Amino acid sequence: MQLVVARIGRAHGIKGEVTVEVRTDEPELRLGPGAVLATEPASTGPLTIETGRVHSGRLLLRFEGVRDRTAAEALRNTLLIAEVDPSELPDDPEEFYDHQLMDLDVVLADGTEIGRITEITHLPSQDLFIVERPDGTEVMIPFVEEIVTEIDLEEQRAVITPPPGLIDESEAIVVSSRDDDAAADGSAEGPAGSSGKDD
């Protein structure tokens, strides 16, 4: 099975290095020297990684045959694709490959259906599930332990306990300095049944 493991960004320096947006939890395995990766568009590849290093928190790669900035810049926005055995699992039982999470049903703890995972976005600070609701709208859910409480691959579902406002914006608790001033003289009205606390 083919998985997108990175997207090539802009050229770095003049010797053919490029920045990459990592889309795998195992960059040391998928994006190490010697790895041969298919590409999208296919005409750009396959590309073989020659060297890799981290610079200012970003992964820089150099590919065989790419020797200058012009050649590196021509690779911009290319997707890097690795061939992965579908039965292969991460070493850490708390980690999952994107293909395991795609199309999982997202439900609340009481079983209420929220939607289906259609995309996973890897950000520097956390991963996000892009969830398509039954009405066709999308909601972004941070893939963090406090919100995503269970991944059940057998049942093909992800159980979440979202904070107020994450799923339904009308439930959001808005706090402003005006509310604080009003609260001081006892005239503020808060949302019914909500404490405003989110630990």
What does the convex hull of the Cα atoms come to per residue for the range 5-72, in Å³?
79
Mind grabbing the accessible area of M140 for me, 1.4 Å probe, Å², rounded to tens?
120
Amide H neighbours of R157 at under 5 Å, excluding residues fewer than 5 places away on the same chain, with H built from the backbone geometry, are D105, D152
Go through the range 41-47 residue by residue and turn each phi into a ³J(HN,Hα) via Karplus (6.51, -1.76, 1.60, θ = phi - 60°); whole Hz please, and just put x for glycine and proline.
x, 4, 5, 6, x, x, 10
Diffing the range 133-147: the Karplus 3J(HN,Hα) column from phi (6.51, -1.76, 1.60, θ = phi - 60°), in whole Hz with x for Gly and Pro, holds 7, x, 8, x, 6, 10, 9, 9, 10, x, 8, 10, 4, 5, 9
Bounding extents of the range 99-150 in its principal axis frame from Cα atoms, largest first in Å, are 29, 22, 19
Largest-first ordering by accessible area, 1.4 Å probe, given options I81, I160
I81, I160
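The values are calculated or read from the model by the stated rules, or taken from the named source; none is laboratory data. Just so it is clear, the model here is predicted, and its values are computed rather than measured. The protein model used for the area step is the full one, side chains on, heavy atoms only, and it has no ligands, DNA or RNA in it. Shrake-Rupley method; radii C 1.70, N 1.55, O 1.52, S 1.80 Å.
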